[in-house]
Ligand SMILES: CC(C)(COP(=O)(O)OP(=O)(O)OC[C@H]1O[C@@H](n2cnc3c(N)ncnc32)[C@H](O)[C@@H]1OP(=O)(O)O)[C@@H](O)C(=O)NCCC(=O)NCCS
């Protein structure tokens, strides 16, 4: 997993958001809740470092597993990326749904 503060917007109106750049679980360890746990840990760590607001990630529209994780485990807001056709912009709060 890779995560960091990411600048969004143009100069003068830019904001820094918590951002998850990459998350991958070895195939033989998937569907055990590890991806969800790592995502929560990343969000908590970024909040502890003063990165506030919804956590952003970019997910390919065909990545059913990651989109499902975000919608079943978090109250994810998912919208098309206006700049990259295949990307979906995913925003989640730090609180898990269950
Ligand atoms: C996406 C990924 C990180 C999920 O990790 P994981 O540890 O398996 O996820 P979890 O066990 O926390 O899954 C939580 C929920 O997400 C959904 N989910 C996860 N994998 C899924 C799949 N293959 N198909 C459908 N739903 C899936 C399910 O709702 C799952 O809950 P359930 O197992 O009770 O049905 C993992 O599949 C992966 O490493 N994929 C390849 C890398 C990748 O695509 N990373 C994201 C790039 S943006």
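The numbers here are math on the coordinates, done by the rules we state, and not lab data. Everything numeric here is computed off the predicted structure, so don't read it as measured data. Note that we place each Cβ from the backbone using ideal geometry, even for glycine, and neighbour counts take in every protein chain shown.
When ranked by the protection proxy of mean other Cβ atoms within 10 Å per residue, highest first, what sequence do the peptides 62-68, 35-41 form? Before the final figure, lay out each step's value.
Values: 62-68: 13.0, 35-41: 17.1.
Most protected by this proxy first, the peptides run 35-41, 62-68.
Between residue 47 and residue 68, the C-beta separation translates, for a Förster distance of 25 Å, into a calculated FRET efficiency of about 0.55. The peptide list 85-92, 44-51, put in order of mean Cβ contacts within 10 Å with the highest first, becomes 85-92, 44-51. With an a/c value of 1.5 or above and a/b not larger than b/c for the gyration tensor axes a ≥ b ≥ c computed over the alpha-carbon atoms, the chain is described as oblate. Pairs of Cα atoms nearer than 8 Å and 6+ residues apart set the relative contact order; for the range 2-92 it is 24 percent. Helical content of the chain, expressed as a calculated mean residue ellipticity at 222 nm, amounts to -8000 deg cm²/dmol (DSSP H runs of 4 or more residues, -39,500 (n - 2.57) each, divided by residue number, nearest 500). Taking other C-beta atoms within 10 Å as the exposure proxy, 94, 34 rank 34, 94 from fewest upward.
For the chain, the longest principal axis of the alpha carbon atoms and the long axis of helix 34-48 meet at an angle near 30°. Relative to the longest principal axis of the Cα atoms of the chain, the long axis of helix 64-73 makes an angle of roughly 80 degrees.
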